[in-house]
Amino acid sequence: MAGDSGELDAPRGERPRRPRYALLLDRLSDFEQAPWLGATDGARAAGADLVVVVADDDPGSAAPSHALDLRRTDGLLLWPAWLLLRHGAEAVGAWVRSLGGLPVATAEAALPGSIPGAVPVLMAEREAGRALTEHLLLEHGVRRLAFLRGPDGHSGAERRLAGFSDALQAHGLEPALVTQHVPAWAPDDEGTRAVVGGLVADPGIEAVVAANDNLALAVVAAYEAAGRRVPADVRVVGFDDSVEPAYIRLGSAEPGELTTSSAVLPLTTVRSPFRELAAAGLAALVAGGAPDPLPCPLVLRRSCGCRMPARPSVRQAVSLTARLAEEVGAAADGLPPGWAEDLAAALDRAGSDEGAALESALADVLRAAAQSGGGVEEWWGVLALLAAAGGGDPGVERAVAAGQALWARARRITERRIRVARETAEALMAADTLDRLRDQLVEQLPRLGIRTCYLARTDECGQRAALVLGYEDGRRQDLLPEDEQLEPGELLGPRRWQRSEGHDLLVLPLRRGGRPLGHLVVEPSVEVGWLYESLARQVAGALQTVGLLEQQRRTAAQLEQRVAERTEELAARVRQQEVVTRLGQRALRGDLSVDALLRWTRGLVRDTLGVAVCSLFELEGDELVNRGSDDGAIPQRTPVARLEGTTIVRALRTRRTVHVADYDRQADDPRKPGTASEHVRSAASVPLARTRTEDGPGAGELWGVLAVTDPRPDAIGVQERLFLEQVAQVVATALARRRTEAEVKHLALHDALTGLPNRTNLRQVLDEQLGNDDEQRTGALLLLDLDRFKEVNDALGHAVGDRVLREVARRLRAAVGADGVLARLGGDEFAVVVGPRQGRDAAVVVARSVLAQFAPPFREDELEIDLSVSIGIALSPQHGTDASRLLRHADVAMYRAKSTGAGWAVYDERLDAPQLHRLSAIGELRAAIAGGQLEVHYQPLVTLADGGVRSVEALVRWRHPERGLVPPDQFVELAEQSRLIGPLTLAVLDAAVAQHAAWQAATGTAPRIAVNISLRCLDDPQSYAAIRQRLVDARDVLTVEVTESALAGDEARQALLDLAQQGVACSVDDFGTGYASLAYLRDLPVSELKIDRAFVRELHVRARDQAIVRSVVQMAHALDLHVVAEGVESSEIAAVLRGLGVSSAQGYYWSRPVEGALLLPWFAGAPSLR
């Protein structure tokens, strides 16, 4: 565009403004290219500018969407066929009326209703339809004709049908078939295929007139698929003389060809003059009147049965003109009118001017074809046709040779455009910022032949756009203030809009994934629609990528800032958590008086939070007793009423934390002028309550309150509040009274969750019922296991699972009644002991009653939970006369019931058949224990300070006669399941005592030996009695090792207390992998913790493991426990452990488990055994 920067500021009134008209299209390529070119012809003839606006319709929108407010132009040319099909007549009419009287011309179809100023520019489609039908009737003698209709609402298709009906009526005929409307022009649409299939199925039809060429080709393909020949058996004709590229293959000889004339069966059709129609529409806008309908010429080809004419001679000018037009077909849409006549006339003069006129005419036509963006492939056939028609004339041959050179050049131009478009796409998609996108676009525009281009980007809400690139006259322009925010419907700012006068513009929407991204404004340099559409798609894709990357960078920056803030928060939380841990360790140790504990707590809170005042108050009646405060003005005793409204009293009343960030922002201010409280800005108070068990006399007894204040606003935040609540919890726990002996006994024999008897209690009941009196031995045991209960826990959480278990217990009580004993064995396993002298029948009655209780679903809020239960029944004396055997047999029956889905099953010894292999292994293990096949190996526990042996751990092996040395993980579990764990443990204890004596005799000294004791040994009274005796006898030699998980069992804890009273030392193995409560470590007589190897093997490279080990060491030292690290395999790990305060360790770094004799050199002073 011409003009310097001064023109941007020129007022509009200083020069006459050129008229500017708008053309609204669905796209620029294929069918829509001809209307664009025709409108361009019309605008040039009228001395006007043309703005071609490509619609940006969001799927499902109620009206056309586009970037430009069309009222900014002098008139609008519409192609309403696609608008009506997409939005409906009512919506389109309302939209046109909303343009406020803007002059509107409609091409091909008229708008429905009365719209002032809307001028229709039509084609003579009814006349063309009659002429096409008359040709079939008169020239080919057909009488049974069918019409294939287009989509509903397409007025042009209906006019073609009317012409078809006129012709038949004039000859006194009726249509053989008029199909229903097809749902879409696309032949591959499922509904369209169904309509075409119904048409082809009628055997009496002689000819088909299709509403357009797409549908005609679909009919040809359907007839050929059905075995009928066109035109021998049936004749097929169409309309438009143009086919969508996607559907030409339906009848194409070569898939690359895109014209109806090159099909296997060239279609007889009616030529729709789309370009001329658009030019006439522009002229109608300028003149203000509607022209006569444009004629649509008939194009005769082979599909109707007409014979194709032979190639004409030079003298057959009329035939040559028709043959040239036929050869080019739809590719002539971009050519000026009369091109074929000009070529024929130039050919006729070739003899006199030596082909000069022909050469010039060919150059004009080929340049126009290349400029329009249409294919140039068809023109090779035109050149061949001209050469044949010239009959060897030298002038013709010279002109044709020049034309062939131009054809090759045009083809190279087309190929170059395709290559440049592809390279442009690659360059734009590589841009990761908006600046790089603009740079790449500016670099590529000259290669595309574009000298003026504007890029506008829509905001994230899709409401407003801003110009982000101005490129004028081949140069990038600085953005103007008006570019930064375009008004809705404003294509360009006022000055750029004014500067664009005298130039045509293309406006292309930028959209991806249904989201508007902006618009592209281009001054077209070549009339190649696909090129600009391709550029718009590429820019839209690049804009989407840039937008995503910008969002990613913003998110990353926000995340980085949040991480920094969160890191500081976590650091503060870690410091606070360490304080809570220290407080908990000291409180659990019990070496401080209450006053000393409270005083220490106040100091920790004040130093950790940096607050001015920390106080602890105990509630006694209606008074608060000051148990320590940093504020000397607070009296020793204060009536609660005097502190009404303060956070202290509010916390006592609500039993919840009360937090005030800033009293100055509070409506109710309890501070009193002239007192210390008037300087307080932030405060928090946390209630302290003594905790009790759920089954105890109270759910919680209020002890007092922990309160902090500070003169700074917002000194106490959410994190500080959480810290205070944790401190309050620790202090409240430390102040709790000990449970009564009755509670201890109750908890020892009952399940804490349901209150039912536990496993120990059940065994006592069974032992009493299965006494020595034979008559008393009759009875039954039911073992119940809930089906799919784990799914409830996994899906809804343990809290819901616990509530469901309580409801299960309630229903089971109702089913069992007063005569039976109901117990919870653990997890989702329950048991029922049927009353004495009741056998199978009574047990079955109870089982059925239990199943009936599970019929209604369990309810949790609005959720219904369906649970079922599997029941195994064992009878006494048939299936056993002791608790262990009955439990095992009931367990076998229960699994039988679960596998069959029967609900319940009575034990049958045949159910044990699958256990034969297991029993064989048990027999071998029993023989191995009795036959001395077990070997005990020993691994030393080393003192890290000097490398000396502190103690050793006994580890059992099985020297199998066939399998060799079997490790413990392949037989210890079998021993636990088969009650052989007791004899096995006794054998290990005996071997360990003997080995200790051998070391003592050989060296004069021997370390203590740690022996692992299984939880099953502690649960089984018979095994435990013998093992207890061995341990008590060798308490100076042996140490008991139990896993952390074992501490959770009631029987295990009771057994360890019993052993400790007898002087047996205890060590906790695999610490960190179980779920032992700190209270167990506090209350049980444990002297040593062994940190599990999972936290040790990568200790030298994992800071988290170091933190865990450090915390365990601190806690153990606070509880006066010795710490041993397991699984040490390198000097690096040993060094880290020393630095963390671990005093002892064991692992392959010093020695594998070996036979006892191999440790003698170490006892004599050797450094290690590796």
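Miscellaneous remarks
- Unique match (being more than 57 Å from the chain's Cα centre (by Cα), surrounded by 18 or more Cβ atoms within 10 Å (Cβ to Cβ) and modelled with pLDDT of 90 or more) among Arg143, Arg130: Arg130
- The single condition among (1) surrounded by fewer than 17 Cβ atoms within 10 Å (Cβ to Cβ); (2) in contact with a Leu (Cβ under 7 Å, 6 or more places away or on another chain); (3) not in a loop (DSSP other than H, G, I, E, B) that Gly489 does not meet is (3).
- Subset of the range 111-127 [in a loop (DSSP other than H, G, I, E, B) and either at pLDDT below 80 or closer than 11 Å to Ala290 by Cα (or both)]: Leu111, Pro112, Gly113, Ser114, Ile115, Pro116, Gly117, Leu122
- One residue alone among Val195, Val178 is in contact (Cβ under 8 Å) with a residue 40 or more places away in the chain, among the β-branched types (Val, Ile, Thr) and closer than 16 Å to Val236 by Cβ, and that residue is Val195.
- All of (1) within 28 Å of Leu747 (Cβ to Cβ); (2) loosely packed, with under 15 Cβ neighbours inside 10 Å; (3) among the β-branched types (Val, Ile, Thr) hold for Val850 with one exception: (2).
- Applying the criterion of at least 1 residues that are in contact (Cβ under 8 Å) with a residue 12 or more places away in the chain and closer than 15 Å to Ala683 by Cα to the strands (runs of 3 or more DSSP E) found wholly in the range 604-668 leaves 613-620, 623-629, 658-660.
- Checked against (1) touching a Lys or Arg at 6+ places or on another chain (Cβ under 9 Å); (2) not in a loop (DSSP other than H, G, I, E, B), Arg511 passes all but a single condition, namely (1).
- Answer from Ala852, Ala874 - the residue that is in a strand (DSSP E or B) and on the phi < 0 side of the Ramachandran plot: Ala874
- Pairing residues of the range 915-944 that are in the same structural domain as Leu986 (by TED's automatic domain parsing) and modelled with pLDDT under 90 with residues that are buried (at least 20 other Cβ atoms within 10 Å of the Cβ) and part of a helix (DSSP H, G or I), at Cβ distances under 7 Å and at least 6 apart in sequence or on separate chains, gives Leu925/Ala975; Ile929/Leu984.
- Beta carbons closer than 7 Å, at least 6 apart along the sequence or on distinct chains, pair a first residue in the range 881-900 that is under 13 Å from Ala831 (Cβ atoms) with a second that is assigned to a helix (DSSP H, G or I) for Ala883/Arg763; Ala883/Leu766; Ala883/Asp767; Leu886/Leu766; Ala893/Leu911.
- Only one entry of Val1101, Val1136, Val1154 meets the criterion of being out of contact with any Cys (no Cβ under 9 Å at 6 or more places or on another chain) and closer than 25 Å to Ala998 by Cβ, and that entry is Val1154.
Rundown of residues vs (1) within 45 Å of the chain's Cα centre (by Cα); (2) buried (at least 20 other Cβ atoms within 10 Å of the Cβ); (3) under 21 Å from Ala893 (Cβ atoms), yes/no style:
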site: Thr754; (1), (2), (3): yes, yes, no
site: Gln764; (1), (2), (3): no, no, no
site: Asn793; (1), (2), (3): yes, no, no
site: Leu805; (1), (2), (3): yes, yes, no
site: Ala809; (1), (2), (3): yes, no, no
site: Leu812; (1), (2), (3): yes, yes, yes
site: Gly817; (1), (2), (3): no, no, no
site: Asp828; (1), (2), (3): yes, yes, yes
site: Gly835; (1), (2), (3): no, no, yes
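- Residue tally, condition assigned to a loop (DSSP other than H, G, I, E, B) and closer than 23 Å to Ile1133 by Cα, over the range 1144-1159: 8
- Looking at Leu531, Leu559, Leu535, just one residue is modelled with pLDDT of 85 or more and farther than 30 Å from Leu609 by Cβ, and that residue is Leu535.
- Test result for Val611, assigned by TED's automatic domain parsing to the domain that holds Val727 and surrounded by 12 or more Cβ atoms within 10 Å (Cβ to Cβ): yes
- Condition check for Glu501: surrounded by fewer than 23 Cβ atoms within 10 Å (Cβ to Cβ), in contact (Cβ under 8 Å) with a residue 24 or more places away in the chain and outside any loop (DSSP other than H, G, I, E, B): no
- Residue in the range 768-785 that is modelled with pLDDT of 85 or more, loosely packed, with under 15 Cβ neighbours inside 10 Å and not in a loop (DSSP other than H, G, I, E, B) present: no
- The one condition in (1) surrounded by fewer than 17 Cβ atoms within 10 Å (Cβ to Cβ); (2) at pLDDT 85 or above; (3) not charged (D, E, K, R) that Gly632 fails to fulfil: (2)
- Residues considered: Val1101, Val1086, Val1128. Of these, the only one that is farther than 30 Å from Leu588 by Cβ and part of a loop (DSSP other than H, G, I, E, B) is Val1101.
The values are calculated or read from the model by the stated rules, or taken from the named source; none is laboratory data. Keep in mind that what you see is a predicted model, and the values were worked out from it rather than measured. Using ideal geometry, Cβ is built from the backbone for each residue, glycine included, and neighbour counts are taken over all protein chains shown.
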